[in-house]
Amino acid sequence: MTTFTDAQLDEITDILKAIAHDVRLKLLRTLLENGEKSVGELEALTGVGQPGLSQQLAILRKAELVQTRRDAKLVFYRLVPESLENAGKLLGALSGLSSKEARPAPKSTDRRIRGSAATFARIL
C-alpha cells in the first residue's frame, strides 16, 4: 500500500487542478501521442487557437507538467512524465489498479456463428 504525506497530497492536488481542464488535458494527450511539438504544431493538432493556447500552456508550464525548448523563434513543448508520478500512483491506488498485476485481457470464449439470429437480435 502506498502512503502519501500531506505535502505530497498538496502537490497532487495542484497537478489534478492543472489537468482538470478540457483544453489542458487535450494538450497533454497531444504531447503524449505526438511527442515534442512547437506552439504552431500544437495549434494545428488540437484546433485550439491563440491566445488561449498560450494561456493554457503557461498553466501547464507553471505546474511543471511540460518543459519548453527554444529554437530560434519557435518554442517547443514536451511532457514531464515524472511530474505526474505521485498523482498516477494515487489514482492507481484509488482505482485498485496498483494492487493488480498487469495481465492480458481474457480471451473470449464466445464462439457464436457470425450472422446467427442471436447476433442479429443483439445488434438491434
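Using a basic spin-label model with each label point 7 Å from the Cα along Cα→Cβ, how many nm lie between Asp71 and Ser54?
Computed distance between label sites Asp71 and Ser54 equals 2.1 nm.
Treat the count of other C-beta atoms within 10 Å as a stand-in for reagent exposure and order Arg78, Arg70 from fewest to most.
Arg70, Arg78
Got a sec? How would Thr46, Thr5, Thr68 order by Cβ neighbour count within 10 Å, fewest to most?
Fewest-to-most ranking of Thr46, Thr5, Thr68: Thr5, Thr68, Thr46.
Provide Arg29, Arg24 in ascending order of the number of other Cβ atoms located within 10 Å of each residue's Cβ, fewest first.
Arg29, Arg24
Any read-out appearing in this document is the output of simple, stated calculations on the displayed coordinates, not a laboratory observation. The structure displayed is predicted, hence computed values, not measured ones. As a convention, Cβ positions derive from the backbone with ideal geometry for all residues, glycine included, and neighbour counts pool all protein chains shown.
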